[in-house]
1. Going by C-beta contacts inside 10 Å, put 128, 52 in order with the fewest on the left.
2. Could you check the spin-label model distance between residue 135 and residue 46? Points 7 Å from the Cα along Cα→Cβ, value in nm.
3. Rounded to the nearest 0.05, what FRET efficiency do residue 56 and residue 94 have when you use their Cβ-Cβ distance and R0 = 41 Å?
4. Neighbour counts of other C-beta atoms within 10 Å: give me 138, 109, 15 arranged from fewest to most.
């Protein structure tokens, strides 16, 4: 058995943030880091992710049986800016940073690689971070 590990960096717009199934939940309901309970109306989200992943070759005496891709960990930094609200005493915008390390923060990392044709090369191309389910879905596609 051979396995190879990689780290791939992705950033917005390849990183999607889901804050609730109805799209109207506040980030404060999803993360204890943000204390203001306000609906998300006018905001900007920028996210950066480091994805640790493995290419695993399942080898038999007769040859190669299967090649699989698995995301093993995701480290994400999410920057949220609420625009045009009176968030601070000086009347400015509010900025928050959320850091997620899936290996330490009880997030579940899932992999979607079923549509990836390894013959064209492979790497993570999209990350969906769902605050409601605490799930991070890493998708692999060929470029």
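1. Numbers: 128 15, 52 19.
Lowest count first: 128, 52.
2. Placing both labels 7 Å beyond Cα along the Cβ direction yields 3.0 nm.
3. On the way: r = 43 Å, r/R0 = 1.06.
Step by step, r from the Cβ atoms, then E = 0.40.
4. Numbers: 138 27, 109 19, 15 22.
Fewest to most other Cβ atoms nearby, the residues stand as 109, 15, 138.
Laboratory data are not the source of any read-out in this text; all were calculated from the coordinates shown. Every value quoted in this text rests on a predicted model; they were computed, and no experiment measured them. Here the Cβ is made from the backbone with ideal geometry for all residues, glycine too, and neighbour counts use every protein chain on show.
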